[in-house]
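Worksheet for the structure shown next.
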């Protein structure tokens, strides 16, 4: 799942994202970012989340756990 | 729901766009967002130029302008029009139907069928289905399908969710019998429980427009819009499209027994470049076979983007060649529909400008 954090960092335009980083505290956590994350999860892992699902997840690590549990095997 | 039609074709297509053009780089100053984020949005979504009607221009103005061109150039004989279907969500008036207004302005014959259909991004597919159904009647030999919207007039210039992508346009398609054994496959699905994903809250009977519904409000994401304005839940629409469209296309091609590789063009509704490219990737369709360039040049004019994609990308080849194409529309309702047909040897297929008021 290392590439997950790399892809997330790319979308957020930061150098790196750690598991305990709070998503909503990133400078670029806006509607465009949310859409880009949803698309990345769909195309990269076959995980289809909604913006509402995403809002329930606080830290990057929680999102990683959801992706890990639901990703295309 | 699956449909099969025989002996039908689109024999001509004219798209009409307002000459008046908006530019994202100028307009982004209206948005309450950092400049670099707006530029990122431009890059990802493909926002650039879009065509917007001048104040006061209505659907019937665009439609009558285009139909007069066809009649004056003898590409269409008004006496041959047995039915006029108008697909729009931005009618001139609540009543009468705008198709009746167009009929009256052009002085068309009385012995015909005028029909307004309230449909959005899937409207072109729905309009074609209705045109084909009418052509099952012997008395109906030629149907004019007008798909037109001027939704920029219902979009807040301070709404970064919707304004950069909106465009106004009309298309006129002539539908008639093909005179051959060609088969057209189509399918259509609807889900009214998700109808609030795309809506204009005020202006109907439920919530009539008043000075209160015209007040701009910050809806919680920095965008300002009124209840009179179009409201789109962008991420819900994105999820809807990614979830429903690929299986719909798979089912359509399955019913027709046509592999993806045998389709020359995938001419889909054009919400923005991002969504279309994600769709193409998910369905493993070559980006070159699925044009996604309508929004950056003209904006998203709802259902009209399908005929726009045809006129902008396939003309003039479509006058002499013939292609196997897959159309798909998805949006308001929610509604999603697709169609597999042979398109070509058209009598006309062009895109023209509706002049600005200062021009002669």
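The values are calculated or read from the model by the stated rules, or taken from the named source; none is laboratory data. This structure is a prediction, so every number in the text was calculated from the model and none was measured. Virtual Cβ from ideal backbone geometry, glycine too; neighbours counted across all protein chains shown.
Being modelled with pLDDT of 95 or more, under 18 Å from residue B:45 (Cα atoms) and assigned to a helix (DSSP H, G or I): is that true of residue B:309 here? Don't jump to the end; show me each part of the working.
Numbers: modelled with pLDDT of 95 or more: yes; under 18 Å from residue B:45 (Cα atoms): yes; assigned to a helix (DSSP H, G or I): yes.
Here the answer is yes, as residue B:309 does meet what is asked.
Tell me, please, whether a residue that is within 16 Å of the chain's Cα centre (by Cα), outside any helix (DSSP H, G or I) and either more than 18 Å from residue B:161 (Cα to Cα) or within 14 Å of another protein chain (Cβ to nearest Cβ) (or both) can be found in the stretch B:294-303. Don't jump to the end; show me each part of the working.
Kept after step one, since they are within 16 Å of the chain's Cα centre (by Cα), are these residues of the stretch B:294-303: B:294-303.
With the extra rule that they be outside any helix (DSSP H, G or I), the set shrinks to B:299-301.
If we keep only those that are either more than 18 Å from residue B:161 (Cα to Cα) or within 14 Å of another protein chain (Cβ to nearest Cβ) (or both) as well, we get none.
No, because not a single residue in the stretch B:294-303 is within 16 Å of the chain's Cα centre (by Cα), outside any helix (DSSP H, G or I) and either more than 18 Å from residue B:161 (Cα to Cα) or within 14 Å of another protein chain (Cβ to nearest Cβ) (or both).
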By residue number, the members of the stretch B:37-55 that are at the interface with chain A (Cβ under 9 Å from one of its Cβ atoms) and either out of contact with any helix residue (DSSP H, G or I) (no Cβ under 9 Å at 6 or more places or on another chain) or crowded, with 18+ Cβ neighbours inside 10 Å (or both) are B:37, B:40, B:41, B:45
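Can you confirm whether residue B:230 is touching a helix residue (DSSP H, G or I) at 6+ places or on another chain (Cβ under 6 Å) and crowded, with 21+ Cβ neighbours inside 10 Å?
Details: touching a helix residue (DSSP H, G or I) at 6+ places or on another chain (Cβ under 6 Å): yes; crowded, with 21+ Cβ neighbours inside 10 Å: yes.
Yes.
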Keeping to the stretch B:18-77, report how many residues are closer than 30 Å to residue B:108 by Cβ, touching a residue at least 24 places away in the same chain (Cβ under 8 Å) and assigned to a helix (DSSP H, G or I). 13
Residues of the stretch B:318-336 being closer than 30 Å to residue B:23 by Cβ and in a helix (DSSP H, G or I), which ones? B:318
In the stretch B:271-282, which residues are in contact (Cβ under 8 Å) with a residue 24 or more places away in the chain and either under 26 Å from residue B:50 (Cα atoms) or more than 14 Å from chain A (Cβ to nearest Cβ) (or both)? B:271, B:272, B:273, B:274, B:275, B:278, B:279
Yes or no: the stretch B:73-93 includes at least one residue that is crowded, with 20+ Cβ neighbours inside 10 Å and out of contact with any strand residue (DSSP E or B) (no Cβ under 7 Å at 6 or more places or on another chain). no
Return only the number of the condition from (1) within 20 Å of the chain's Cα centre (by Cα); (2) part of a loop (DSSP other than H, G, I, E, B); (3) within 14 Å of chain A (Cβ to nearest Cβ) that residue B:285 does not satisfy. (1)
Before we move on, is residue B:4 more than 14 Å from chain A (Cβ to nearest Cβ), under 30 Å from residue B:249 (Cβ atoms), in contact with a strand residue (DSSP E or B) (Cβ under 8 Å, 6 or more places away or on another chain) and surrounded by 17 or more Cβ atoms within 10 Å (Cβ to Cβ)? no
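Just the residues that are part of a loop (DSSP other than H, G, I, E, B) and within 16 Å of residue B:185 (Cα to Cα), please, taken from the stretch B:240-274. Explain how you work it out, then say what you get.
Initial filter on the stretch B:240-274 (part of a loop (DSSP other than H, G, I, E, B)): B:257-259, B:263-264, B:269-272.
If the condition is that a residue be part of a loop (DSSP other than H, G, I, E, B) and within 16 Å of residue B:185 (Cα to Cα), then B:257, B:258, B:259, B:263, B:264 are the ones that fit.
For (1) surrounded by fewer than 17 Cβ atoms within 10 Å (Cβ to Cβ); (2) in contact (Cβ under 8 Å) with a residue 60 or more places away in the chain, each residue gets a yes or a no:
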residue: B:235; (1), (2): no, no
residue: B:247; (1), (2): yes, no
residue: B:251; (1), (2): yes, yes
residue: B:257; (1), (2): yes, no
residue: B:265; (1), (2): no, yes
residue: B:269; (1), (2): no, yes
